[in-house]
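In what follows, a single structure is set out as structure tokens and then discussed.
The values are calculated or read from the model by the stated rules, or taken from the named source; none is laboratory data. Treat the numbers as computed from the prediction; the structure is a model and nothing was measured. Reconstructed Cβ throughout: ideal geometry from the backbone, glycine too, with neighbour counts over all protein chains shown.
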Amino acid sequence: MKTQSILRPSRRGFLQTLGAGSAAAAALGVIPGFGRGLAHATNSNATHHVAAAPTSVNLLPAGGMQTPVWAYNGTVPGGLLRVKQGEDVHVRFDNQLSEASSIHWHGVRVPNAMDGVPGLTQKPVAPGEIFDYRFNARDAGTYWYHPHINSPTQLARGLYGALIVEEAEPVAVDREFVWLIDDWRLGETGEIDPTFNGGHDVGHAGRLGELVTINGVANPAIAVRPGERIRLRLINTANARVFAIDFAGLAPHLVALDGHPVTPHVPDTPVFLFAPGMRADFILDVPPDASGDFALIDRFFDGLENPLARLRVQGNPVRGDIAQTSMALPANPLPEPDLQNARREQLLYTGGMMGGGVLRHLVETGKIEAGFLGEVRSMAQSMMGMMTGGGVWMVNGRDPERDELGPLFSLGNGESCVVTVTNATAWYHPIHLHGHAFRVLSRDGQPTRYQEWQDTVLLAPAEQAEIAFVADNPGDWMLHCHILEHKFGGMSGFIRTA
Ligand SMILES: [Cu+2]
């Protein structure tokens, strides 16, 4: 068995993935562009080594202050793992932290024992231990990996990396960028604020940080050429921050969500809502006559905009007109749910601060049936939140994070299921299902235009969605909010597939 060293890349390697040159150059401004990343397609018998350990990185622009972090293979983000669709993947995880950890392969339809959820699918990987993860990369797309134990702390400290599964025949682009977008809550000396799972964060929007980075660099300047076609793979690795991305008029085509192809289209909203856990692949064409900077900005909170990156147009045009080659990605081998005969389930999320009015509104408008509400246990606790000693957040009236209740629901092997997911709270929630991808059938009763496949569906306050999937992967699978402080506060649970 051959050992690969691709997960031991240099700092320069990550910035190549970003499309940037170096952190120092980022502070100065213009950065030369690079190729498609540090890691090339690997041999299918290779073992990838991933070690989690403390280290320090330079996050603050031009400050020289080092931030102690926890990182995979010494860098934030951790090593980019790039494999080919259909490849057998073997990752040997070495936990060099002072606490137990694990690796969850977010979005990848792995065997249950490889899903990396201590207490549900495996034992915690203790300090000094190793664990071998093996799975087949059957779906192409943009995925990522992170711990699934003490997640609010371990992700906030820097433990995350990208897993790219290449299509057999990728769409033609001039370059590809993989951007892991994160935010950091830092103290004055650059250290990570060590207060995790604070009561305010848990009951409100989660842990938001004031420093936004892409691949560990704040507001990088990235050189692009006129007429250049770029595949931009975005991954939201933040604990809690939902980004509303303003592409500065570039109008890129969305070609995949959560790894899976969608009909290429330019989103018809002024900003692209991008929640924790989600991935989005865009094809971005730099106008052939463009010049100057395109400043990408997060506009989620009015008055609290965050600069994301600057695309700096320079050099000779790649082509005189926008590239006309196809953007459509080949479909992944996902099982199509049988909607006529599907089992129907409901998930009702309640709790958090200021949610009582939302719940009342949904009952009054008939979105939540009174009968179902009546069945929901501990609803009064849920409506009162912390004041009654119940969980901060609840699903179907229960607090699965803090008790030993069984699965939210169980499905037969191969059974189709349609789940109505209702956000009866005043907050945004990206709901993530492990081990499967689901179609988002409708939002607030209206069919979605693209019936997109996702593993993380973002629900706005008071929003209701229907998702459908085939339970073809046996085991216990987490179904939880990917705002990690919400999950900590009870927005969690699992389903069981026979
Ligand atoms: Cu949430």
(request) Go through (1) polar (S, T, N, Q); (2) modelled with pLDDT under 95; (3) within 12 Å of the ligand (Cβ to nearest atom) one by one and return the number of the condition Asn423 breaks. (result) (2)
(request) Kindly list the number of the only condition in (1) closer than 20 Å to Ala295 by Cβ; (2) touching a Pro at 6+ places or on another chain (Cβ under 7 Å) that fails for Ala248. (result) (2)
(request) State whether one or more residues within the range 125-132 are in a strand (DSSP E or B), under 29 Å from Phe282 (Cα atoms) and in contact with a Phe, Trp or Tyr (Cβ under 7 Å, 6 or more places away or on another chain). (result) no
(message) Could you go through the range 256-272 and let me know if any residue there is among the charged types (D, E, K, R) and without any contact (Cβ under 8 Å) to a residue 12 or more places away in the chain.
(response) yes
(message) Residues that are of a type in the set (Val, Ile, Thr), buried (at least 22 other Cβ atoms within 10 Å of the Cβ) and within 16 Å of the ligand (Cβ to nearest atom): does the range 413-420 have at least one?
(response) no
(request) Determine if the range 142-161 includes at least one residue that is in contact (Cβ under 8 Å) with a residue 40 or more places away in the chain, over 25 Å from Asn95 (Cβ atoms) and touching a Leu at 6+ places or on another chain (Cβ under 9 Å). (result) yes
(message) Quick check on the range 204-218. Is at least one of its residues closer than 21 Å to Ile322 by Cβ, part of a loop (DSSP other than H, G, I, E, B) and out of contact with any His (no Cβ under 6 Å at 6 or more places or on another chain)?
(response) no
(request) Filter the range 308-361 down to residues that are part of a strand (DSSP E or B) and in contact with an Asp or Glu (Cβ under 8 Å, 6 or more places away or on another chain) and give me whichever is nearest to the ligand (Cβ to nearest atom). (result) Leu308
(request) Kindly indicate which of Gly86, Gly74, Gly33, Gly21 is at pLDDT 90 or above and out of contact with any Ser or Thr (no Cβ under 8 Å at 6 or more places or on another chain). (result) Gly86
(message) Please verify whether His90 is touching a Gly at 6+ places or on another chain (Cβ under 9 Å) and at negative phi, treating the condition exactly as stated.
(response) no
(request) Could you list all residues from the range 418-435 that are within 19 Å of the chain's Cα centre (by Cα) and either assigned to a loop (DSSP other than H, G, I, E, B) or not assigned by TED's automatic domain parsing to the domain that holds Gly475 (or both)? (result) Trp427, Tyr428, His434, Gly435
(request) Given the conditions (1) under 18 Å from Leu273 (Cα atoms); (2) within 16 Å of the ligand (Cβ to nearest atom), report the number of the one that Gly203 does not fulfil. (result) (1)
